[in-house]
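Report on the following structure.
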Amino acid sequence: MRSLAPPGITDSNTAASAFPLAPADRYAALLGGSRVRERNLLLPLRIPNELELQARWFAGEFGRQFTSAAGDTIEIVQFGTWNREAGPDFRDASISVNGSEPIRGCIEIDLLDRSWENHGHATNPAFEETVLHVFLEEGEREFFTRTLSNRNVPQVRIDPAVLPETFSSNTPLARPGRCQAPLRSMPEEQVRSVLTGAAQFRVRRKAAFLRAKIDLHGRDETLFQEIAAALGYKENKLPFILLAQRLGLKQLRHNPADAEALLFGLAGFLGSPDLGAYKGSTRSYLRDLWDKWWLHRDSMQRMILPEKTWRIVGTRPANHPQRRLAALALMTTHWTRFSRLLSTPNSDAAWNYFSGLEHSFWNNHYTLTADPIRKAMALVGESRIADILANVLFPFWSCLGADVWSEYAKLPARLSNRRLETGATRLFGDDPRREGFLKTVANQQGLLQIYEDFCLQDDSDCAHCPFPEQIKKQWSGGVME
């Protein structure tokens, strides 16, 4: 694979040109010709909680151009930084109103428009510098959003329907869908072509998302946030993103000796300084973390994640978020090496980097309170490395213009999960070729794309899903119509 020029952002066609066009374009045409996107607006949407809403806003997932409640054009020039003190959610932000010079100030985000009044922001001097109020749900009563000095604050309503995906979703019970019939009748190579098209479309879309996010937050901060999300996996993706956003790679690299303590402290895992119940290496490790954390605790008190943010029940011990957090902390201290490694798209080098992460405490501990085990464990397992490659690094290399498809297509699948098994059952039923279709990460990602674009968007119990008809139209005879 060829080396890349110094990291930068390419024009809008670069990511698309990094892949063979035919399969991805067929899938895009299949999507464009379906009724799924039209029906999506009629589906009941999961309303994000306030923390998730703030995180996804900061990531730029709602976009950066809006129309205010008063009809003005609002552009987000700078999303700002998470506020550690009392007041609005984000400080040091800036907006432009109707193309005017940027206005610097704070941004407050609420689920309800009336929260501005209900929460007392109008009479709170901490909200005096607010330049934008963002909300999700609009009430029947119209009112002006004013500060203590009687200055009107523009309001913008955001729509969860524009979000590319949810942090988590309820997976329906698997049963074969109508699409299994046309897929079963297709030659194996045609079915693989469908999966390839969906996989290339998925990476192309992720590359475009990364390109836009890099424009907002910079290359390294974007990679840090995306890798944090991948380490959190589906159960704890949100808290990992919040930690990466609230602390930021720059601050962690500025305090490398305290990085691990800052992450564990802000995660809420260092709530009690009582170390009397712990022994040996655990007590020593916790003492070191606590001695570093207490110096920062008071200034970061408002940012500490609530305990309910974490999902621990049902998590495999080796995948406990505390172990993943230790891996993220290690990466901050080795970031220069990792960043240099990414200058050339090399999946083997990336794999060796993640599999080589070691920690004197976490190699032999499942949690902060668990007894040590004799046999050392990998800090980042094979399935998680494969996921980081598929969902972060290959799209990143693609958005920089590298030709990565041949390497991506060869990446072997490590594990399956309920979401994949559900999608495979919906599409393939008991087709004996089913297992063979899912032996690569690329094919698994293609299956997930189809499942998300059609199965999860259809509320007709498969009766009106356009995928079976579209698949016959777009892949009939191997020629796109």
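Every number in this text was worked out from the coordinates using simple rules, so none of it is lab data. Given the structure is predicted, the values throughout are model-derived calculations rather than measurements. A quick note on method: Cβ atoms are made from the backbone with ideal geometry, for glycine too, and the neighbour counts reach across all protein chains shown.
A few remarks follow.
- Ranked list, fewest to most other Cβ atoms within 10 Å of each Cβ, for ASP92, ASP458, ASP371: ASP371, ASP92, ASP458
- Estimated at 0.36 nm per residue, the fully extended path between LYS375 and SER360 surpasses their Cα-Cα distance by 4.1 nm.
- Theoretical ellipticity at 222 nm over the chain - DSSP helices of four or more residues, -39500 (n - 2.57) apiece, nearest 500: -13000 deg cm²/dmol
- Cα convex hull volume per residue for the stretch 63-158 (Å³): 91
- Orientation-averaged projected area, Cα convex hull of the chain (nm²): 24.8
- Volume per residue of the convex hull around the Cα atoms, evaluated for the stretch 312-419, comes out as 122 Å³.
- Projecting the Cα atoms of GLN445, LEU456, PHE396 onto the charge dipole of the chain, computed from C-beta unit charges around the Cα centre, puts GLN445 farthest toward the positive end.
- Taking the square roots of five times each eigenvalue of the Cα gyration tensor of the stretch 356-402, the equivalent ellipsoid has semi-axes of 32, 9, 8 Å, listed largest first.
- Extended-chain gain in nm, criterion 0.36 nm per residue less alpha-carbon gap, LEU112 and ARG84: 7.9 nm
- The stretch 172-224 versus the stretch 344-366: alpha-carbon centroid distance in Å: 26
- Low-density loop cleavage sites - chymotrypsin sites (Phe, Trp or Tyr not before Pro) in the stretch 286-330, where at most 11 other Cβ are within 10 Å (DSSP): none
- Using a Förster distance of 45 Å, the FRET efficiency for LEU295-SER406 (Cβ separation, nearest 0.05): 0.35
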